[in-house]
Amino acid sequence: MHDARRTAFGLLTLAAVLGAGKETRAGDVLVLSPVTVEEQAPAEVVVSDKELERTQASSLSDIFRSTPTVTVSGGGQTAAQKFYVRGLEDTNLNVTIDGARQGGGFFRHQGNLSIGAEMLKQIEVEAGSGNALAGPGALGGAVRFRTKDAEDLLLDGQKNGALVKTGFHSNDLTRLVSTAVYGRPIEEVSYLFYGTKSWSEDYQAGGGGEVANTASTPFSGLAKVAVRPAPGQELKYTLDYRRDDATRTTRPNFVFYPADPAQEQEAERRSQSLSYALKPPEVPWLDLDATAYSTEGSLTLMKTSGSGWDREARWISRGIDLRNRVDLDPVTLTAGLDYSWDESRGRASQGTVATETGKVLGLYAQGDLALTDAWTLTAGLRFDHTTLIDLENRWHEHTHLSPSLSTRYQITPAVGVFASWSEAFRGPRPLQGTTLLSGQAASSDPDVDGEVSQTVEAGLDLHWNGWSGSVVGFRTHVEDTIVYGGQMGRPFNRQNGDDLTITGVNVGLGYGRETWDAKITYAHEDMRFGNRPLSAADFTYGAPQGDRFGIDLRARIPQWDVGLGWTSTVVLDLTEVPSGYPDAPGYAVHDASVTWTPSERYQIALALNNIFDRKYMNQTTPYWSTSGAGSASDLYERGRDFRLSATMRF
């Protein structure tokens, strides 16, 4: 439970906020070379569009392929992919696309987010329980997907433009085509309209062997319109859409499960946001950002015999975020409010409808103070009021104050140290639509409490004469976790369970020159649920993985307009597993890429992933058959995959 000491500490933190100053993070943006994959603070990683182009990313596993703090389960089955930040599942993060919160999921065996990568400008990953600005329910941090604007695609001197791209992946015989039109015909208006369609067959695991029911034909679209009515003002509308219909098993994170024959599935997501920015040049105290959003997603499972649909799960998230930043040099304050409304609905073909609705009202403030030229302090406070009307029409209401505090000291111009403590809260929230249809699994303890996450971390970083490096140690403790569903001996009804504790370390070291750079990374997490280690069967909350090493090499050959890349990922055996589970084997996977850009209008990209055709399973993917259950087959990752794409701009 949560005692009054947290509230008292929160009030003290609020006092610190009111006297704080300039907003900082533990570390400046580090650009290792002109071929940019940027690493900001040790707690925040930025994956850039250049990296996504280089690897020809087409799924979540591709997007985060070289990000050691993020792992992706689900093999090459895009419908099953979930991502984990420091071991916590994406449903325990505040995930947004252009400010539109992505809410929850449909079915615990399905992925919660599917997104096209081509129009992504960057992905920001803020690990840990987050500061006061991280948004609601950020138990494990925040992930922000930001899409491109017309200005990111226009060539020098252009007012209007177009793009055509085609590609091929050898492993699953993917054929894809993309097109976009965009422009800024006058200074006050810009637009972008984009669509992509792909067709793929069942993919091949390493060493050969078709992975059944993994073919897909997804469509993704993006529309953006921005209007700038006056200096310092911008109104922007964004629509991000994806549809992916295919034949899959009901539990697509298993290749085969006897109780679930293959069936047609229809998955759809529509995220919309309307943002307004106001920063008049003559008003120093006004730097306003306002966002309203709506995200609607659905998963429809068709009947395996006869015709028509069997079950449908739907999730709707709507909300607003309003914040203002005041720079009073040396004091900078950011304060705001957010409100979100979530509805999860399950519907069965025989007429059963089950619904839960949750609301969150948040107030937050954060300030930053430059105590000296070398020493900065950041303090924040967030207040949450959450409500849930559960399936049995019970009303769950909670309030909580979540403080945060961080500091950084620059020992020398090259070396800095930092430390932080933060807290995040999430009240009981709607369960997935398929769970709501399952009767007992959807009932609730009337006294279920909210979850509180606390993260402590400390470390140092280095930027000197081409060298860059960082070491950060962390501990995240989630108290009063809400469990349900019956896996791993859990109760079927929703109630508070054991605490979850994650301790770990991330290390990075890089060296770069004008035309090349090299980086090596290491990540370790130790995860425990109560008195036992986490297993891959805990995928609704988190998933463990062995120690991970990454090597990233990149080079440019300017005279040939060529970029080269090499990535190696080495994962050690996972030996900390619960009783009855075997160790999960480690693996090493290597990828290479070449891009040729003879002019700003043309680009040809080649990539060879899993060069040595290694047969392996990501350790975060459930491994039921190797655990002795013998009733489900393992979902292996893709084998060797040659990718080729050509892009032309007009």
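Considering only protein heavy atoms and a 1.4 Å probe, what is the carbon-and-sulfur percentage of the accessible area of the chain? List each step's numbers first, then the result.
Details: 14850 of 25480 Å².
About 58 percent, which is the carbon plus sulfur part of the accessible surface.
Run the numbers on the chain and let me know its relative contact order in percent, using alpha-carbon pairs under 8 Å that are six or more apart. Write down the numbers at each step before the final one.
Details: 1997 pairs, mean separation 93.4, N = 650.
Relative contact order comes out at 14 percent.
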Checklist outcome for this item: Across 5 Å bins beginning at 0, the whole-percent shares of Cα-Cα pair distances in the stretch 461-612 come to 2, 8, 13, 14, 13, 12, 11, 9, 8, 6, 4, 2, 0
Checklist entry - Averaged per residue, what accessible surface does the chain expose to a 1.4 Å probe, in Å²? => result 39
Next on the checklist: Can you compute the helix-only [θ] at 222 nm over the chain? Use -39500 (n - 2.57) per DSSP H run of at least 4 residues, normalise by all residues, nearest 500 deg cm²/dmol.
Outcome noted: -1500 deg cm²/dmol
Checklist entry - By what distance, in whole Å, do the Cα atoms of the stretch 367-482 stretch along each of the three principal axes, largest value first? => result 62, 27, 18
Next on the checklist: Solvent-accessible area of Glu201, probe 1.4 Å, all protein chains present, reported in Å² to the nearest ten, please.
Outcome noted: 80
Item to check | Largest to smallest principal axis extent of the C-alpha atoms in the stretch 254-410, angstrom | outcome: 71, 34, 31
Next on the checklist: What is the distance in Å between the Cα centroid of the stretch 333-392 and that of the stretch 167-187?
Outcome noted: 35
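When the Cα atoms of the chain are enclosed in a convex hull and the volume is divided per residue, what value in Å³ results? Before the final figure, lay out the partial values.
Details: hull volume 95.6 nm³, N = 650.
Output value, Cα hull per residue: 147 Å³.
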Item to check | Electrostatic dipole magnitude of the chain [Cβ: Lys, Arg +1; Asp, Glu -1; Cα centre; debye, to 20] | outcome: 980
Item to check | Listed residues Arg640, Arg242 arranged by accessible area, highest first, probe 1.4 Å | outcome: Arg640, Arg242
Checklist outcome for this item: Note on the stretch 323-377, DSSP bridge orientation, antiparallel percent to nearest 5 equals 100
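The values are calculated or read from the model by the stated rules, or taken from the named source; none is laboratory data. The shown structure was predicted, so the numbers you read here are calculated from the model rather than taken from an experiment. Don't worry about glycine lacking a Cβ; one is built from the backbone with ideal geometry, like all the others, and counts go over all protein chains shown. With ligands, DNA and RNA removed, areas are computed over all heavy atoms of the protein, side chains included. Shrake-Rupley method; radii C 1.70, N 1.55, O 1.52, S 1.80 Å.
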